[in-house]
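As structure tokens, the structure follows; a few thoughts come after it.
What follows is calculated from the coordinates using simple rules that are stated; it is not laboratory data. Just so it is clear, the structure is predicted and the values come from calculations on it, not from any experiment. Backbone-built Cβ (ideal geometry, glycine too); neighbour counts: all protein chains shown.
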Amino acid sequence: MADPIAGAGHGPSLRIDKFLWFVRLCKSRTSAQKLAEDGHVRLNGRRIDRAHAPVRAGDLITFPHGDSVRVVRVIALPARRGPAPEAQACYEELTVGG
């Protein structure tokens with residue numbers, strides 16, 4: 001089987017729906033997939049409409065969360081959906097000035 005990361009060209013990547021679920025920013029992978037496919041997520045400032053958009057370390061993800069908008073910077077790609085402290089170590093929360 002071919003390595004899906006090999007063709008990426010910019011290092012390892014992970015589907016955005018899996019990333020949001022793995023780092024516990026969405027309660028389920030289905031809700032993360034729907035959020036992405038409905039066009040509510042921005043990746044590095046660009047609106048995406050597909051759940052398989054690749055996320056890499058250093059990327060910025062902007063998405064609605066309740067009544068607010070969250071902006072997170074990807075620090076590392078998780079290998080699994082682990083406990084909350086492990087998940088939180090994979091991203092940095094940024095504040096939106098306003």
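Computed quantities for the displayed model
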{"read-out": "Charge tally in the Cβ shell below 10 Å around residue 37, where Lys, Arg are +1 and Asp, Glu are -1, residue 37 excluded", "value": "-1"}
{"read-out": "Counted charge near residue 61, where neighbours are those whose Cβ lies closer than 13 Å (Asp, Glu -1; Lys, Arg +1)", "value": "+4"}
{"read-out": "For the chain, calculated [θ]222 nm from helices alone, where every DSSP H run of n ≥ 4 adds -39500 (n - 2.57)", "value": "-5500 deg cm²/dmol"}
